[in-house]
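The values are calculated or read from the model by the stated rules, or taken from the named source; none is laboratory data. Source: prediction; values computed, not measured. Because the Cβ atoms are built from the backbone with ideal geometry, glycine has one as well, and the counts that use them run over all protein chains shown.
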Amino acid sequence: MLILIAEDDELILKTIEHKLLKEGHEVILTRNGKEAIETLKENNVDLAITDIMMPFASGIEILSAIQSMGKQIPVIMLSSMGQEEVVLNAFDLGASDFIVKPFSPSELMLRIKRYIPK
């Protein structure tokens, strides 16, 4: 499974990458929203994990770009803001899941497994 990770916090990015590689997934790392959108245009990813607050384009803008490209991929949103309005907005725009930081990498893996074809 090819998974895009869009996260500007290097520690979180590397932690998620390590966990996904250990589970046998392929990963593409992006460190800002613009880079994530360009990567999505050029690659057929199976799942995207994106932070909401990122440089150049937010996770919400990434989600909108995925929708406008007509891609049907699950998107797990990450945010340190657990505000109800932000969460509802992400789901309204098509987010598949939402995890509030800090989170357990094991919890993230459990959520990812829901989107892996059996």
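Values for this structure:
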item	result
Every residue from segment 62-102 that is closer than 18 Å to ILE3 by Cα and of a type in the set (D, E, K, R)	LYS71, ASP97
Segment 98-118, subset part of a loop (DSSP other than H, G, I, E, B) and of a type in the set (D, E, K, R), residue modelled with the lowest pLDDT	LYS118
Segment 1-21 - residue that is of a type in the set (A, V, I, L, M, F, W, C) and over 18 Å from VAL100 (Cβ atoms) and, of those, modelled with the lowest pLDDT	MET1
Check on MET81, modelled with pLDDT under 90 and assigned to a loop (DSSP other than H, G, I, E, B)	yes
Positions within segment 45-70 being more than 25 Å from MET81 (Cβ to Cβ) and either in contact with a helix residue (DSSP H, G or I) (Cβ under 7 Å, 6 or more places away or on another chain) or modelled with pLDDT under 95 (or both), in sequence order	MET69, GLY70
